[in-house]
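The values are calculated or read from the model by the stated rules, or taken from the named source; none is laboratory data. Please read these numbers as outputs of a predicted model, since none were measured by experiment. Virtual Cβ from ideal backbone geometry, glycine too; neighbours counted across all protein chains shown.
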Amino acid sequence: MIKFDKLFDVLKERGISQYHLYTYRGISRSQIQRLKTGNVNVNTLNAILNILEDCTLNDIAEFIKDDETKEEEKKIS
């Protein structure tokens, strides 16, 4: 699973709201929602990284092995 929690931290640190992304930067509300669920396409990632200018994919995303994700879900249940 790829999580984008880091992205929302970076956006908050820089004072970039979700409203700003969809109103002024061409990132749709559905694309923002997909970022929250980890179901996003490469074009959206490219657009976000161009907006942030000095970030890489490692700065905004985290890869968690599926086995670890399943273990976390079991602990929550």
Pairs with Cβ under 7 Å, 6+ apart, first in region 16-40 and charged (D, E, K, R), second part of a loop (DSSP other than H, G, I, E, B): R34/V40
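What helices (runs of 4 or more DSSP H) completely inside region 23-77 contain at least 1 residues that are at pLDDT 90 or above and surrounded by 11 or more Cβ atoms within 10 Å (Cβ to Cβ)?
In region 23-77, the matching helices (runs of 4 or more DSSP H) lie at 29-37, 42-52, 57-60.
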Count of residues meeting criterion [free of Cβ contacts under 8 Å to residues at least 40 places away in the same chain and under 22 Å from K65 (Cα atoms)] in region 1-15: 2
Filtered residues of region 1-22 (kept if within 13 Å of the chain's Cα centre (by Cα) and part of a helix (DSSP H, G or I)): D5, K6, L7, F8, D9, V10, L11, K12, Q18, L21
